[in-house]
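What follows is one structure encoded as structure tokens, with my remarks underneath.
The values are calculated or read from the model by the stated rules, or taken from the named source; none is laboratory data. All of these numbers come straight from a predicted model, not from anything done at the bench. All Cβ positions, glycine included, derive from the backbone under ideal geometry; neighbour counts span all protein chains shown.
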Amino acid sequence: MRNDETLDELRKFGLKIIQPRDGYRFSLDPLLLCDFAAIKPGENAVDLGAGCGIIPLILARTAEGSSLVGVEGQAEMAELAERNMALNGLSERIEIRHADILEVKKLFPPSSFDLVVANPPYRKRGSGRISPKPGRDLARHESTATLPDFLAAAKNLVKLSGRICFIYHPSRLVEFLREAEALKLSPVRLRLVHGNSTAEGRMFLVELVKGRKSDLAVLPPLFVYDENGEYTLEMTMILGENGRSVGQ
């Protein structure tokens, strides 16, 4: 491990994660997405925009017999993800591919995966403030691939009987649903994530399917903190023993 990196633990999943000390570090979002996606044993899944590999690692620990792929566009992050797979003894079950989201159709046959997950950059190019820490803006701002590109890639990769799960920012919920409809992807589950019971939604979780129409189930909101500023019971169950160390 290098001097500009840290080693963090997710004790609930028995994982050790190398991360950049000052670059992009995973937050609560990938943990919420993994919990929402609820991968089943034996399913194969692909994560679009894998970063340090946190989502494939959690999914591998969650579902025995599953094979996973993480697609990451930044060469240094793809290399870091591969190191994290090796560190946790999961290199045989998780493949990391260094590729742009625009190229994924060339990497895999159509309808290859039971589950496609993504935590894509939610800020449009040129919007929001610029982070002084290297790597963070590429994770937060759209670069070569936009939201429609992520959705199109997910549609191409998922089986007709499979599922697509995203976590994204509520300011773009209307746009997200419009783009999904244009691709004939039907939303089947939607859940808003709030900081607490009085705060506006900070993210949304959504499950899409292709090839069939379905009614949308709007699930109860997920509150991160209670009235005392502590994690809610549901969040504690999702995080396990890590508590406030995640995303700090």
Review point. Could you say which residue among SER186, SER214 is in a loop (DSSP other than H, G, I, E, B), out of contact with any Gly (no Cβ under 7 Å at 6 or more places or on another chain) and among the small types (Gly, Ala, Ser)?
Key: SER214
Check your understanding: Quick one: GLU207 ticks every box in (1) surrounded by fewer than 17 Cβ atoms within 10 Å (Cβ to Cβ); (2) in contact with a strand residue (DSSP E or B) (Cβ under 8 Å, 6 or more places away or on another chain); (3) not hydrophobic (A, V, I, L, M, F, W, C) bar one, so which box is it?
Key -> (1)
Check your understanding: If you check GLU200 against the conditions, is it under 25 Å from PRO41 (Cβ atoms), modelled with pLDDT of 95 or more and acidic (Asp, Glu)?
Key -> no
Point to revise | Any chance GLU207 is over 21 Å from LEU31 (Cα atoms), of a type in the set (Asp, Glu) and in contact (Cβ under 8 Å) with a residue 12 or more places away in the chain | key: no
Exercise for review: Output the number of residues of region 101-131 satisfying the condition of being at pLDDT below 95, surrounded by fewer than 17 Cβ atoms within 10 Å (Cβ to Cβ) and in a loop (DSSP other than H, G, I, E, B).
Suggested key: 8
Practice item. Find the strands (runs of 3 or more DSSP E) located wholly in region 4-91 whose residues include 2 or more that are surrounded by fewer than 17 Cβ atoms within 10 Å (Cβ to Cβ), and list them. Key: 5-10
Exercise for review: Kindly check whether there is at least one residue in region 147-159 that is on the phi > 0 side of the Ramachandran plot and surrounded by fewer than 19 Cβ atoms within 10 Å (Cβ to Cβ).
Suggested key: no
Check your understanding: What number of residues within region 34-67 are acidic (Asp, Glu) and either under 16 Å from ARG97 (Cβ atoms) or at pLDDT below 95 (or both)?
Key -> 2
Review point. List, please: which pairs have Cβ atoms under 7 Å, are six or more places apart or on different chains, and start with a residue in region 64-83 that is touching a residue at least 40 places away in the same chain (Cβ under 8 Å) and within 14 Å of GLN19 (Cβ to Cβ) and end with one that is surrounded by fewer than 22 Cβ atoms within 10 Å (Cβ to Cβ) and of a type in the set (Val, Ile, Thr)?
Key: LEU80/ILE18; ARG83/ILE18
Review point. Which one of these is at pLDDT below 95 and in contact with a Lys or Arg (Cβ under 6 Å, 6 or more places away or on another chain): GLY211, GLY247, GLY240?
Key: GLY240
Review point. Any idea how many residues of region 191-206 are closer than 13 Å to LEU32 by Cα and touching a helix residue (DSSP H, G or I) at 6+ places or on another chain (Cβ under 9 Å)?
Key: 8
Practice item. Could you please find all residues in region 193-211 being outside any strand (DSSP E or B) and within 15 Å of MET235 (Cβ to Cβ)? Key: GLY195, ASN196, SER197, ALA199
**Study point:** Residue list for region 139-160, filter: at pLDDT below 95 and in contact with a helix residue (DSSP H, G or I) (Cβ under 8 Å, 6 or more places away or on another chain)
**Key:** THR144, ALA145
